[in-house]
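Below is one structure, written out as structure tokens; comments come after it.
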Amino acid sequence: MQSDVTSYQMFVQGAWRDSHSGRNYPVFNPANGKVLAHVPKGDTEDVRASVDAAKEALRNPAWSAMDPSKRGRVMYKISQSLREKLADFARLETLNNGKPLGQAKGDIAMSARHFEYFAGLADKIHGSTIPVPGNRLDYTVREPLGVTAHIVPWNYPLVMAARSLAPALAAGNTAVVKPASFTPLTMLKFAELCKEAGLPDGVLNVVTGGGDEVGGSLARHPDVRLVAVTGSVETGMKVAELASTNLARTVLELGGKNPVVVYDDANLDKAAQGVLNGIFTNAGQMCWAGSRLLVEEGAKKKMMERLEAGAKGMRLGSGLEADTAMGPLVADSHRKKVAERVEQGIQEGATLVTGGAAPEGEGVAAGYFYAPTILDGVTAEMSVAKEEIFGPVLTVTAFSGVEDAVTKANAVEYGLWAGVWTSDLRKAHSTARSIEAGIVAINEEPITFPQTPFGGFKKSGNSTEQGAEVISTYVRIKNVSVNLE
């Protein structure tokens, strides 16, 4: 074992503990393929213990009777503490996930912002009075659902957890988090930070381990009242099926095959940079990556020149190096899947413009890198046009006119995010209205904020996250009717 490899424990009932089975598994640094840490491999008994801890905390007056404004102050303290330790968290995120340090810093800041935003909503979750016949007082009360489970993906290990945790805790629920097997480290560190900030024991529990054993056990546990999942369509459907046995709610934010429509009247320099950022940020490992470029025929040549130059000019390397533009993929197994998708696309008739292979050379040969890739001449029936690749792969398809653009944009089973680039305001709004996506960005690359809804249509999900309205997902409504006669 390497001397610099750290061993972690799970966090349950406010304390560190080993897995019930005593098993552990290695976590790797994707930039060099070396073991970064060992973490517990949880099982159903660990899930049971964590849910029991969350149930106990739910009943404990230290949490259940806490004044909502104080709950908000605890959450605000968590946010501030995370900001103070941003550099440490970002470095750990980069080591575990591989993304460039600048992107990791943005993720940690966004995680803090989620807690900051929902801290302000904690004492604003209220019911209403309802006029009814007779001499009666009728009102509603919004209560916590209970124990919530949060199954977190590996592409944004902390911010995706914070996105669902913050509203859950603001509403008075307790939580069990299962971080992704590849990237559990910042979530474990965050649990410790929450305890230091004053979060009562058992309110937040973290169980590491495999998706089937830990995630599946959480989803079907009879005491879990909501399961929040960010992941693939297949994972989401499986979780929904398991949760349905107990009529538990699900919050599913799933895959995307997102179109970026570039009209020939767009500012092509800005559009090209937006497209590059939208597909190569986090090595394309984003559910809302702009992976399908739909470009108007009159602008295609100029756009392709800009995109090819931009892709070829990106420096790959360790995310800790200041000039790294794109880091590695999260695991070698994932890199192989991306490569297989690209090869399939070429076999189906797509033209490889650049990339399409693992790079060679000092600093990248040992890691899980894959070159920024552009495939041209992609048609609707090709697999690369329909299936989520989840890597640094951009497909290019030409279109003619608004109707053709919208038809091609909607020709997939996903509907998470879409981009539109044009200088014509009327065209921008008409295209945004016609595209089947939960989020549409006009003249901008993928960007979101805690106060703006985030969710997809079709197979991209069944709900939204973020925004004030999401609180209603994490509460149950009780009606009280009082006869005043």
* **Net length gained if the chain between residue 322 and residue 468 were fully extended (0.36 nm per residue, minus Cα distance)** => 48.9 nm
* So between residue 136 and residue 4, what do we pick up on full extension, going 0.36 nm a residue minus the alpha carbon distance? -> 40.7 nm
* To do: Can you pull the one-decimal nm distance between simple spin-label points at residue 433 and residue 129, each 7 Å off the Cα toward Cβ?
  => 4.1
* Potential extension, residue 305-residue 241 segment - 0.36 nm per residue separation minus Cα distance -> 18.4 nm
* Structure fact -> The number of Lys pairs in the stretch 259-449 whose alpha carbons lie under 24 Å apart, excluding pairs fewer than 8 residues apart on one chain, is 23
* Just tell me, in residue order, which DSSP H segments of the chain are both 15 angstrom or longer along the helix axis (alpha-carbon based) and at least -0.5 in mean Kyte-Doolittle hydropathy. => 86-97, 101-119, 159-170, 185-196, 233-244, 268-280
* Structure fact -> Burial-style ranking of 40-49, 15-24, average other-beta-carbon count within 10 Å with highest first, yields 40-49, 15-24
* Structure fact -> For the residue 270, residue 83 Cβ pair and Förster radius 35 Å, calculated FRET efficiency rounded to 0.05 is 0.70
* Asked: Which net charge results for the neighbourhood of residue 26, defined as the other residues with beta-carbon distances under 11 angstrom from its beta-carbon, given Lys and Arg at +1 and Asp and Glu at -1?
  -> +2
* **Beta bridge orientation in the chain: antiparallel %, DSSP, nearest 5** => 40
* Structure fact -> Nearest-0.05 FRET efficiency for residue 443 and residue 484 at R0 = 51 Å, using Cβ-Cβ distance, is 0.35
* Separation between Cα centres of the stretch 275-343 and the stretch 228-259, rounded to whole Å -> 27
* **Hits among lysines - C-alpha to C-alpha of residue 189 under 22 Å, sequence gap 8 or more where chains match** => 34, 41, 77, 85, 99, 105, 178
* To do: Quickly rank 121-129, 167-175 as a protection proxy: mean count of other C-beta atoms within 10 Å, highest first.
  => 167-175, 121-129
* Quickly rank 362-369, 91-98 as a protection proxy: mean count of other C-beta atoms within 10 Å, highest first. => 91-98, 362-369
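Values in this text are rule-based calculations from the coordinates and carry no lab data. These numbers were taken from a predicted model, which means no experiment stands behind them. Glycine also receives a Cβ, built like all others from the backbone with ideal geometry; neighbour counts cover every protein chain displayed.
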